[in-house]
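Novice: This structure is in structure tokens; I'll ask about it shortly.
Just so it is clear, none of the values below were taken in a lab; they were calculated from the coordinates. As the structure is a computational prediction, the values presented were derived from the model and not from experiment. So basically every Cβ, Gly included, is an ideal-geometry build from the backbone, and we count neighbours across all protein chains shown.
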Amino acid sequence: MLDRRQSARDKVIYGGVAEIDDHGGSSECVVRNISETGAHLEFSNIVKLPKEKMSLTIARKGRSFLARVVWWRDSFVGIAFSSDRPYELPVSDLEERLRKSEKKKRQLQRRINELLGEG
């Protein structure tokens, strides 16, 4: 079988969300393989996707992609990412808050030890 892909794809199993219309409608999918230029998606049921433009978000990778549908068979879809660079999802401040919380915990533990006469 002729492989017309521009770059090799990595086999993965990532959860994804495909935005399927301009009104915020979305459908969950599984990303079966991915490369710099496209991906193979599997949906749990047959969905109607726009051919020209769709958005795919992979939370585990913290990335979203604009894409177009290249092929479609039952619940399997091949997409090509647009030539625009993929954009990052907003960075969560959870990591920074956790760091501050750990620092505060160490300070409180030192103070407790001082009050108990252990430090």
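Novice: What residues qualify as long-range amide H neighbours of Arg32, i.e. H under 5 Å apart, gap of 5 or more or another chain, H built at 1.01 Å from N?
Specialist: The answer is His40, Leu41, Glu42.
Novice: Calculate, for Tyr14 and Ile46, the FRET efficiency according to 1/(1 + (r/R0)^6) with r their C-beta to C-beta distance and R0 25 Å; round to the nearest 0.05.
Specialist: Working: r = 21 Å, r/R0 = 0.83.
The computed FRET efficiency comes out at 0.75.
Novice: Which peptide among 52-62, 99-109 comes first, and what is the full order, when sorted by highest mean count of other Cβ atoms within 10 Å?
Specialist: Descending packing order for the listed peptides: 52-62, 99-109.
Novice: To the nearest 0.05, what FRET efficiency results for Glu36 and Leu98 with a Förster distance of 35 Å applied to their C-beta separation?
Specialist: With R0 = 35 Å, the Cβ-Cβ based efficiency is 0.65.
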